[in-house]
Amino acid sequence: MTPTNNPFLADFTSMSSHGATAGGGVDRQAATVADGQTRNWFRGLVEGHGFTVRYDAVGNQYAMLELVPGAPWIAVGSHLDSQPLGGRFDGAYGVLAGAHAAKRVQESLAGTEGTALFNIVVINWFNEEGCRFKPSMMGSSVYTGKLPANQVLETTDPAGTTVREALEAIGTIGDFELPVAAYVEIHIEQGRSLEDRGLSIGLVESTWGANKYEFTVHGDQAHTGATVIADRRDALLGASALVVAAREIALEHSTKEHMVITSCGEFTVFPNSPVVVASRVNLLVDVRSTDPDVLAAADADLHARIAKIEQLANVRIERGKEHVWGAKAYDAAGLELAARAAASLGLSHGVVRTLAGHDSTNMKDIVPTIMLFVPSVEGISHNERELTSDADMLKGVDLLTEVLARVVRGEFISPSGVVEEPAGDSSLVS
Ligand code: GLV
Ligand code: MN
Ligand code: MN
């Protein structure tokens with residue numbers, strides 16, 4: 001099947017032209033012109049299929065398909081923004097898959113009055129990536145009450161533009177509010193466990209825990225030639241030692257059962273000039289693990305090393321904002337439902353955990369949530385070479401449609417919000 005004769009693949013190709021990069025990826029950082037174009041493209045697409053589109057106070061985009069007037073809403077979604085020089089699939093696949101699945105569910109229910117107990121809203125969450133504006137998962141954090149809207153609207157990018165200004169500039173801000181009863185998300189795995197196991201679908205049972213910290217290393221600006229080593233307070237040396245410490249912590253604290261993953265993803269040197277010892281470095285360090293105790297020990301080690309680095313480099317290290325989430329399970333009933341749906345379609349599937357954060361990481365803390373993965377070729381992500389095959393994308397849309405149909409028929413939660421007991425007769429791996 002070529003991309004042009006399959007409606008999902010044709011739409012995916014068209015969506016990927018917004019913010020397209022020379023290397024085959026996309027660059028659509030939150031509330032940039034490219035993000036705005038993608039949001040408008042999505043709006044046009046879904047309005048053409050009978051959805052109604054609205055924005056809330058922090059730019060979350062809601063595409064509603066009403067099946068039963070007055071009934072509660074089931075949300076399906078992900079994000080259309082990307083990392084700088086990011087991939088075409090991360091987030092965007094899930095939003096488009098949600099829209100196609102919703103439409104297919106509506107069509108399949110036509111003429112079956114009384115079968116649907118819920119309406120469907122596809123949500124494109126604002127700023128999942130957290131690169132232009134920190135932290136990540138921003139729109140879903142406001143929706144789930146973890147961040148105040150006002151604080152988010154006043155958050156600035158490196159050029160000093162606020163979220164409010166950026167959203168107003170692309171015209172995707174409003175005052176809409178919509179409570180939802182349950183949430184479903186499909187995403188690319190961004191790792192290679194599905195590919196290694198030869199599986200088409202991942203049923204996400206839980207998140208890894210993550211602690212992300214913004215650090216500022218304070219030194220003193222000086223001449224790189226004229227200032228003797230003993231007199232230096234080199235912020236770049238201190239920051240570099242922190243980056244190395246983070247890697248050592250990952251190696252030393254990982255156990256056979258529980259891996260520790262650490263990174264420095266952002267590193268900004270001031271004044272960053274050839275003959276100047278750095279006065280200041282801002283950096284972001286994250287520490288992740290599947291186990292809360294292992295994470296806590298790795299985190300404590302990171303903090304213990306800070307005092308040593310301060311001495312070594314003669315600098316002061318200040319910890320700024322943090323963004324943390326726990327290793328936490330998704331609803332068992334949702335996992336079972338998704339396994340039954342995958343089995344009914346003959347799709348190979350297995351249980352996975354997610355190392356990456358997603359909007360479902362937030363949503364699962366307030367409503368029953370189902371999270372699904374499709375394979376990523378070689379696990380490559382946050383990279384223009386990110387890839388999921390057409391066949392795997394289509395299997396994911398089929399599964400999402402089946403899962404959504406079951407949820408809309410009341411097989412996950414009742415209209416009063418009670419989670420249905422897992423039937424216990426499904427195999428989570430097959
Ligand atoms: C997402 O925000 C992540 O850090 O994985
Ligand atoms: Mn994502
Ligand atoms: Mn991402």
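Rule-based calculations on the coordinates, nothing more; no lab input. Small disclaimer: the values here were computed from a predicted structure and weren't measured. Cβ sites come from the backbone with ideal geometry, for glycine too, and all protein chains shown count toward neighbours.
FRET efficiency for the pair VAL244 and ARG54, taken as 1/(1 + (r/R0)^6) with r the Cβ-Cβ distance and R0 = 41 Å, rounds to 0.30. Sorting the segments 186-193, 337-344, 289-296 by their mean number of nearby beta carbons within 10 angstrom, highest to lowest, gives 186-193, 337-344, 289-296. Once you reduce region 258-302 and region 73-143 to the center of their Cα atoms, the two points are 31 Å from each other.
So for ASP231, ASP11, fewest C-beta neighbours within 10 Å to most, what's the order?
Going from least to most buried by this count: ASP231, ASP11.
With the charge dipole of the chain set up from +1 on Lys and Arg Cβ and -1 on Asp and Glu Cβ about the Cα centre, the Cα lying farthest toward the positive end among the listed residues GLN61, GLN221, GLY77 is that of GLN221. Suppose R0 equals 35 Å; then what is the FRET efficiency for THR156 and GLU252 from their Cβ-Cβ distance, rounded to the nearest 0.05? Approximately 0.45, to the nearest 0.05. Annotation: the residues TRP41, TRP208, TRP325, TRP125, sorted from fewest to most other C-beta atoms within 10 Å of their own C-beta, follow the order TRP41, TRP325, TRP208, TRP125.
Give the calculated FRET efficiency between LEU312 and LEU85 to the nearest 0.05, with a Förster radius of 35 Å applied to their Cβ-Cβ distance. Taking R0 as 35 Å, the efficiency between LEU312 and LEU85 is 0.55. When the Cα atoms of the chain are aligned to their principal axes, the ranges along those axes come out at 82, 48, 42 Å in descending order. Our estimate of slack between ALA300 and ARG192, defined as 0.36 nm per intervening residue step minus the Cα-Cα distance, is 35.9 nm.
Taking Lys and Arg as +1 and Asp and Glu as -1, the other residues whose beta-carbon sits under 12 Å from that of PHE118 total 0.
Stretched out straight at 0.36 nm per residue, the stretch from THR13 to ILE366 would grow longer than its current Cα-Cα span by 123.7 nm. Dipole orientation for the chain: of the candidates PHE89, PHE51, LEU335, PHE89 has the Cα lying most toward the positive pole (charges on Cβ; Lys, Arg +1; Asp, Glu -1).
For the peptides 163-169, 129-135, the ranking by packing is 129-135, 163-169, with the highest mean count of neighbouring Cβ atoms within 10 Å listed first. Partners of LYS395 within straight-line reach, counting lysines whose Cα lies under 20 Å from its Cα and excluding those fewer than 8 residues away in the same chain: LYS103. Look at the alpha carbon pairs under 8 Å that are at least 6 residues apart: their mean separation over the length of the chain gives a relative contact order of 22 percent. Relative to the Cα centre, what is the charge dipole magnitude of region 106-259, using +1 at the beta carbon of each Lys and Arg, -1 at the beta carbon of each Asp and Glu, and rounding to the nearest 20 debye? The calculation lands at about 440 debye.
In terms of its C-alpha gyration tensor, region 129-180 has an oblate overall shape, because the principal axis ratio a/c (a ≥ b ≥ c, square roots of the eigenvalues) is not below 1.5 and a/b does not outweigh b/c. Model label sites at GLU107 and GLN37, defined 7 Å from Cα along the beta-carbon direction, differ in position by 2.9 nm. Applying 0.36 nm per residue to the separation of ASN6 and SER427 and subtracting their alpha-carbon distance, the gain on full extension is 148.5 nm. Dipole check for region 110-175: with +1 at the C-beta of Lys and Arg, -1 at the C-beta of Asp and Glu, and the Cα centre as origin, the magnitude is about 180 Debye. Extent along the principal axes, Cα only, for region 227-362: 71, 28, 23 Å, with the longest axis given first. When you restrict to C-alpha pairs under 8 Å that are six or more residues apart and normalise by the size of region 252-354, the relative contact order lands at 20 percent. Other residues lying with their Cβ under 10 Å from the Cβ of GLU402 contribute a combined charge of +2, Lys and Arg counting +1, Asp and Glu -1. Distant-in-sequence amide contacts of GLN190, defined by a placed amide H-H separation under 5 Å and a gap of 5 or more residues or a different chain, comprise SER376. By other beta-carbon atoms within 10 Å, ranking ILE120, ILE366 with the fewest at the front produces ILE366, ILE120. Shown here are the Rg and Dmax of the Cα trace of region 125-262, at 21.2, 65 Å. Model label points for ALA71 and GLN221, set 7 angstrom from Cα along the Cα-to-Cβ axis, are 6.3 nm apart. Note: relative contact order over region 1-155, using C-alpha pairs below 8 Å and six or more positions apart, is 25 percent. Straight Cα distances below 26 angstrom link LYS321 to the lysines LYS134, LYS146, LYS212, LYS308, LYS364, with same-chain residues fewer than 8 positions distant left out.
Here the dipole of region 314-430 is about 380 debye; that uses its Cα centre as origin and unit charges on the Cβ of Lys and Arg (positive) and Asp and Glu (negative).
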